[in-house]
Each structure stands twice: as C-alpha cells, then as structure tokens.
Amino acid sequence: MLVDGKWTEDWQPVQKADEKGRFVRQTSSFRNWITPDGSPGPTGEGGFKAEAGRYRLYVALICPWASRTLIGRSLKGLADLIPVTVLNPVLTTQGWQFGGHPGADQDPLFAASYMHQIYTRADDHFTGRATVPVLWDMARNVMVSNESADILRMFDTAFEHLAPSDLRLYPADLAADIDALNPRIYDALNNGVYKAGFASTQAAYDEAVAGVFAMLDELESRLTGDFLFGDRLTETDIRTFVTLIRFDPAYHGLFKTNRRQIADYPRLQTYMERILRLPGVAATVDLDHIKAGYYSIKALNPTGIVPAGPDHVAALLQAAA
C-alpha cells in the first residue's frame, strides 16, 4: 500500500474491514472523463479529448473490474484506438507487477516494475492501493481514471466520431433501469463474492454467501430473454458476465461460495456462454491468468497450489476461442 507516495507495507488482500468483519473495498480516486471534445465529464476536470492512440489501458486479466473495460473496448470497436498493457496475474508483495508471466507485458511508457509506480507518477503523494484498470493519457502523462464503471461508459460514447457503433451499452431509455439494477448486482454478486472470500467473521461470511446466491437465483429467474433487459445487451450484462465466468474456476472454491456452481444454473450458464461468443469477448478471458492470480493470494491459499480444473470452463473457453 502507498502512503504519501511511499510503499509502506506488503500487499494484503484486505486493507479494511468494518466492525462486523465485513470486507470494505477502496473507493476509486481518479475520476476524470474522456469526452468527444475534451469538455468536462460528470466528474473530474476537462482536457481529455477522445483521440486515437492518445490513451493506454492498463489491465490484469484476473480482475473482473479490468475485464469490464476490455470487453467494452472490444465490443465498441476501440482496439485500434486504445492500446492495452496486461499485468502479471500473480499478486506480489508490492501488488500488481509488469512482465514475468506468459501473456503479461512490460510497461511500455515508463519501464515501471510495479503498478504502484504508475500511481506515484500520477500523484507523488498518493495514499491507497494501486488498483486496475487504469486509463492513462499518454499526451499529458496523467491518469484519467481508475474507475471501471466510468471507463466503460466513456468507451460507450466518447469515441463515436472515430469508431461509429450501433451498440449502446448505456442507452438513455434504459438508463434508470440500469442504474437501479447495477448497484444491486454489484453489492450482492460482483463484490459479494469478495465479501464472502475475505470475511473475517462467520457472521460476515454467512451474510455475504446468502446475498451471492439470492442474487444468482434472482438472475436465473429474470433471464427470460437473451440478456437482462430482454434482447438488448447493456453494460449490466458485461458487469454480470465478468463475475459469472470467474465463479466456477475461482470463487466457488477459493472464496467458499460453494453452494452451487454457475453450471448448476441452466439459464445463467447459457447466458454466460452467449456473451462469451460475442465478437472479441473470449479474448478477454484467460483461465490461466484467472487461476494463477486468485490462487496466488497467500492469505487464502498459503501453499500456492493452483487447481487443475474445472474442465467444463476450460472446454467452454476452448470452444469459444
């Protein structure tokens, strides 16, 4: 963790818990927006105009939040406009590291060894965890955003004049419904699996697991069409998919969310496969990175042994490749 721009202690999966032992996630601290003309967005300051080749996306393929942005980048046709740097999935004592693992990149901008060095370039007095994703402005050498929800919405609209698309992930007529469902899925499922895995009391764990499976049951019942809002893919589907695809390989075992697997939910399994087959989505899912990353968390898996399966997810990814 960084304190006033200095690395002060070994990385730990849980930096904060509440009085009942519930895992508390850090709030994103860089909230600028890319807009078509560089005018200010909903938060932050202006000056971030949508331009080809100006911005770089830092991600880790283990991370569901980072994968949201990768999927949005792919579906919106931005791969040629926004280059990507993939970090090592294995979490070190200094957090996210560059290189050193198949499919992981070196830092092309500053030859940094760790992600926290990118953060101190953005703010030499930064205090907090160096998280991914990070959207970096290579023209101004500043961090645009480290909030995945914001980045996904930027990708949806900011570059339309450079990469026109018929797909709208946050359509105006569904905005109120999306804004109502997103936080419920986030709290119970996206972050719920983490609240279960990193709970420090039995009561906190029991509460989190109950929430996870209540939401999975609700989503199973809701899915009467192709997607959560009928036949239209939205950002809510992306936010849900990134948790579903990691559930059986990582959360079911390591995070003890083991009442059922996604494979036990017929509609959710079919829905997950449907999204996986969308153009470019399968390339954002790397089972090796997912398992190597999660099972490197020493607090949960001190031996570092990575499980062999699950075979059904490996077969699914191979078929979608």
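The values are calculated or read from the model by the stated rules, or taken from the named source; none is laboratory data. Predicted model only: the values in this text are computed from it and were never measured. Methodologically, a virtual Cβ is constructed for each residue, glycine included, from the backbone with ideal geometry; neighbour enumeration extends over all protein chains shown. Remember, those area values only see protein heavy atoms, side chains included, never the ligands or the DNA or RNA. Shrake-Rupley method; radii C 1.70, N 1.55, O 1.52, S 1.80 Å.
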*asked:* With +1 assigned to the C-beta of every Lys and Arg and -1 to the C-beta of every Asp and Glu, and no other charges, what is the dipole magnitude of segment 239-321 about the Cα centre in debye, to the nearest 20?
replied: 320
*Among bridges DSSP assigns within the chain, what percent are antiparallel (round to 5)?*
80
*Run the accessible area of the chain with a 1.4 Å probe and give the carbon-and-sulfur part as a rounded percent.*
50
*asked:* Quick one: 3J(HN,Hα) in Hz for segment 29-46, Karplus 6.51/-1.76/1.60 with θ = phi - 60°, rounded, Gly and Pro as x.
replied: 10, 10, 10, 7, 10, 7, 10, x, 10, x, 5, x, x, x, 9, x, 10, x
*What are the aspartates and glutamates whose alpha-carbon lies under 12 Å from the alpha-carbon of K298, with same-chain residues fewer than 8 places away excluded?*
D10
*asked:* If amide hydrogens are placed 1.01 Å from N in the peptide plane, which non-local residues have theirs closer than 5 Å to the one on F126?
replied: G5
*Which whole-number percent gives the relative contact order of the chain, counting Cα pairs below 8 Å spaced six or more residues apart?*
20
_If each DSSP helix of 4+ residues adds -39,500 (n - 2.57) and the sum is divided by the residues in the chain, what number results at 222 nm, nearest 500 deg cm²/dmol?_
-10500 deg cm²/dmol
*asked:* Can you classify segment 47-130 as rounded, prolate or oblate using the Cα gyration tensor, where a ≥ b ≥ c are the square roots of its eigenvalues, rounded means a/c under 1.5, and otherwise it's prolate if a/b beats b/c and oblate if not?
replied: oblate
*How many Å² of accessible area per residue for the chain, probe 1.4 Å?*
41
_Around R153: net Lys/Arg minus Asp/Glu count, Cβ-Cβ under 15 Å_ = -1
*Only Cα pairs under 8 Å and at least 6 apart count here; give the relative contact order of segment 226-300 as a rounded whole percent.*
31
*Computed lengthening from R259 to T224, 0.36 nm per intervening residue step minus Cα-Cα distance*: 10.3 nm
*Net charge dipole size for segment 143-220 [Lys, Arg +1 and Asp, Glu -1 on Cβ; Debye, nearest 20]*: 240
*Using θ = phi - 60° and Karplus 6.51 cos²θ - 1.76 cosθ + 1.60, couplings along segment 189-201 (whole Hz; Gly, Pro as x)*: 10, 3, 8, x, 5, 5, 5, 6, x, 10, 5, 10, 9
